[in-house]
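The structure appears right after this line, and notes come after that.
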Ligand SMILES: N[C@@H](CCC(=O)N[C@@H](CS)C(=O)NCC(=O)O)C(=O)O
């Protein structure tokens, strides 16, 4: 969400949330998840809905490719991350596995690594099948695909998961990291960044 706002040049105030699993935070966002955005006194969550709202409200510059098939590819790529990779390894899932199910931390990290690395392999294959290479996932300007990809790679790097086997993803990641909009959105550039996991 931060990257999308930055790419659009939409100013926002960043509010750090120490723990999204508290009742205090649920009173703000009943989903108990991040990101959430306050617009004219109302709170909204779910990054895909937020990014769509952003694109509709601030159409320029667009974060969807101009070509309809590239546009479909970018949406499919980002939704694969949002719907198939991220929910399986999310905090609350791993908390449940180590809590209610009694898994060790090591086993839950293995689960996390499995789904991220398997997911990245699928994303690499999706880029390999593009009709032509591009600087970003699906074109020469960043789109929703890139916005969703960079955080997955951040997570994978943070936990030391193997990502060297995904050259196309890493090329796109490097191109994104050269842009201020992505740099300003990096976790390490947020005021509440901590080196604790
Ligand atoms: N589908 C949601 C997922 C949001 C989400 O799970 N965010 C993570 C942080 S990246 C979170 O709040 N996790 C807390 C938890 O799992 O309890 C979206 O795209 O916004």
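Throughout, read-outs are computed from the coordinates displayed, never taken from laboratory work. Because the structure is predicted, anything quoted here is derived from the model rather than measured. Don't worry about glycine lacking a Cβ; one is built from the backbone with ideal geometry, like all the others, and counts go over all protein chains shown.
The table below gives the values:
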{"quantity": "Whole-Å semi-axes of the chain's equivalent ellipsoid (Cα gyration tensor)", "calculated": "26, 23, 15"}
{"quantity": "Spin-label model distance (nm) - residue 27 vs residue 82, 7 Å beyond Cα toward Cβ", "calculated": "3.0"}
{"quantity": "Extension gain from residue 135 to residue 118, taking 0.36 nm per residue of separation minus the Cα-Cα distance", "calculated": "3.8 nm"}
{"quantity": "The chain: calculated mean residue ellipticity at 222 nm from DSSP helix runs of at least 4, using -39500 (n - 2.57)", "calculated": "-15500 deg cm²/dmol"}
{"quantity": "Cα-based Kirkwood hydrodynamic radius, the stretch 36-137, one decimal, Å", "calculated": "16.2"}
{"quantity": "Stokes-Einstein D (µm²/s) once Rh is taken as the Kirkwood radius of the stretch 2-61 over alpha-carbon pairs, at 10 °C in 1.306 mPa s", "calculated": "128"}
{"quantity": "Prolate/oblate/rounded label for the stretch 96-197 (Cα gyration tensor, a/c 1.5)", "calculated": "oblate"}
{"quantity": "Relative contact order (%) - criterion: Cα under 8 Å, at least six apart; region: the chain", "calculated": "23"}
